[in-house]
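Comments concern the structure below.
Coordinate-derived values only; no laboratory data. Just so you know, these numbers come straight off a predicted model, no measurement behind them. Backbone-built Cβ (ideal geometry, glycine too); neighbour counts: all protein chains shown.
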Ligand code: IVH
């Protein structure tokens, strides 16, 4: 593949980019790869190498930029060449007939050809290509001015950075939708749950949040997809003359285009299309919330024109959200690990979007009060794009006489202590650290597999220990005695021994797991690792100022504040003291100095800018593997890691014959540190 010799590095780079673009299309758009992942990686590797040697060759539309290019202060405004209009909605057959009649009237009584497409539930986007190269990408914004999101959009693998062939006009602007597949969405939320981060309500919010990121390396990790459905500008020859031709041209140029569209005429064929997709959409890998109907001929579209808000030549038919009625049997209050009180409506089981639902959260007290849900009420429960079913409204005509408005308790239903509403928060919170609901949740979290890994202690056993008063909190775990445990119903000697040996082992779990296990707000598994790697020791972390915490890469002000306030709370101070006395290790073994880790004894030098991480992060990663980072290159240097615009260190490395890793090599090495050479 690379045996051919090229007249110039620029030509080789251009060739590689086109090849990579072609293989991306085959893989992500056509689902028909021609080469193995290994061969693809080789192409990328060669391109990265060329760009490292000739930094002037790095261009914004190079596939090496797909990993994201770092953080920006704000998303720059982009004024749209033509406004991004929204669509008028139709909810039933009557609306559709009326629209079709209007179109016919405006076209002088002629029956138009209609194209039906799925309405993709994502975020609209406009892309500008000059001479076949992606130059700009923007969100809709207010329709006139959007947000420039080029670095983010470049990370979406199915969006071509370079168009497929010479048929591309000199200037092309295309529009479409960025979305997240159902699977990518579920995976993302599962990870966020593990990390203790807030969940996205639905794939659309997740897609929008990911595209509008200030840090494109985050977008790069989000598995976004896209479908393009319109040409907004085609400045050049052979412009498509119908919507159907547009979709064909987009496909031909290498864009991902949703395959499910049909040319129809007459209301009957339109209704049949809707009928088919009302059910079939549930089997699609992505969410659709309706069908968009468009007049096929561009000449007709122009003749029909637009109102201030909508084109007259198109309309969106919205599928009704799936709704069911049920009767509220109770309104329960749940107390979470952080003490937040959440009202939950319990109702008679109903079938909704393929699952049986019997409860729905009411988010918070305000939501409950606004909807005025009462026990005995018949309510409409809806499952739209959101994961969690919602109570949307109360059927007031069916309210039984004497149903009383629900009042949030002024005391915690679990412990009886007064609840508080913290300034700036909607949520009511129980702040009693020994509230049994919180204690149970807190212990459950502490012993979980990703925290201290005391796996034999499941929820049921925790409740049993709390009820038997053998346990009052986390620290009590380390005071449990075999005789007491063995005497409990359904325990026995064996289980007691097993639990105790896991508890004993947990003392050596290390700082990262301990930090995660403590359940500090906003400190998920990943953040716990970052903090442990940075501070090595719980006391060091506890005595760090908020300012210094914010300076740690990845730590925002909210996290810093939460960490600070945790270590100042008397309850936490006491807990940490008890854990220390029980012999729980509160420091990370300093792997680099003790000589452990696969990279121990190796010294690295960083030069230039890495796209995927800061220098600090790179240093932490190397140190975590036992390596050292030094500032100057010598014969003893194990490897020089060269980002973009490397300095004289790169030359020095070459002179001394020290191995050079580009960013890709470094990324590979981190993935498989044992094998890295
Ligand atoms: S055509 C001039 N086609 O739905 C109007 N829009 O509710 C151009 N959408 O803003 C839009 N799938 O973000 C069109 N196949 C499709 C679509 C689609 C999703 C979105 C788009 C639009 C919104 C209107």
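Across q = 0.16, 0.17, 0.19 Å⁻¹, region 1-112 modelled as identical point scatterers on its alpha-carbon atoms has Debye log10 I(q)/I(0) values of -0.85, -0.91, -1.05, in the order of the q list. With 0.36 nm allotted per residue and the present C-alpha distance subtracted, the residue 49-residue 214 stretch has 56.6 nm of extension available. What's the Kirkwood radius of region 238-370 in Å, using all Cα pairs? Final number for the Kirkwood radius of region 238-370 is 19.3 Å. Using every pair of separate Cα atoms, the Kirkwood estimate puts the hydrodynamic radius of region 449-489 at 10.8 angstrom.
Temperature 37 °C, viscosity 0.692 mPa s: under these conditions the Stokes-Einstein estimate for region 39-78, based on its Kirkwood radius over C-alpha pairs, is 279 µm² per second.
Using only the C-alpha atoms, the convex hull of region 177-293 corresponds to 131 Å³ per residue. Averaging 1/r across all pairs of distinct Cα atoms in region 468-563 and inverting the result yields a Kirkwood radius of 15.4 Å.
Would you mind estimating how fast region 127-229 diffuses translationally, via Stokes-Einstein at 10 °C and 1.306 mPa s with the Kirkwood radius over Cα pairs, in µm²/s? Answer, rounded: 109 µm²/s. Using the Cβ-Cβ distance between residue 251 and residue 483 with R0 set to 56 Å, the FRET efficiency from 1/(1 + (r/R0)^6) comes to roughly 0.15. Each listed q (0.12, 0.13, 0.15, 0.19 Å⁻¹) maps to a log10 I(q)/I(0) for region 310-410 from the Debye sum over equal C-alpha point scatterers, namely -0.44, -0.50, -0.63, -0.91. The gain in end-to-end length when the residue 131 to residue 195 segment is fully stretched comes to 18.7 nm, 0.36 nm per residue minus the alpha carbon separation.
Take the Cβ atoms of residue 167 and residue 455, set R0 to 56 Å, and the FRET efficiency comes out at 0.40.
Between region 223-282 and region 624-658, the C-alpha centres lie 52 angstrom from each other. Take the Cα of residue 569, go 7 Å toward its beta carbon, and the backbone nitrogen atoms of region 520-546 under 16 Å from that spot belong to 520-524, 542. Taken along its three principal axes, the alpha carbon spread of the chain comes to 89, 89, 44 Å, from the longest extent down to the shortest.
Computed with the Debye formula from one identical point scatterer per Cα of region 417-466, without solvent, the log10 of I(q)/I(0) at q = 0.22, 0.28 Å⁻¹ comes to -0.79, -0.98. Note on region 501-518 and region 4-19: Cα centroid distance 53 Å, given to the nearest whole angstrom.
Radius of gyration (Cα atoms) of region 266-307, expressed as a multiple of 2.2 N^0.38 Å: 1.51.
Dividing the summed -39500 (n - 2.57) terms of all DSSP H runs of n ≥ 4 by the residue count of the chain sets its mean residue ellipticity at 222 nm at -10500 deg cm²/dmol.
Working ranking of peptides 616-627, 548-559, 173-184 by packing, defined as the average number of other Cβ atoms within 10 Å per residue, highest first, is 173-184, 616-627, 548-559. Sketch the reach of a paramagnetic label on residue 656 as a point 7 Å from Cα along Cα-to-Cβ, and name the residues of region 596-635 whose backbone nitrogen lies under 15 Å away. The answer is 602-607, 628-635, whose backbone nitrogens lie closer than 15 Å to the label point. Per residue, the Cα convex hull of region 360-485 amounts to 171 Å³.
Taking 7 Å steps out from each Cα toward its Cβ at residue 102 and residue 73 produces label points 4.5 nm apart.
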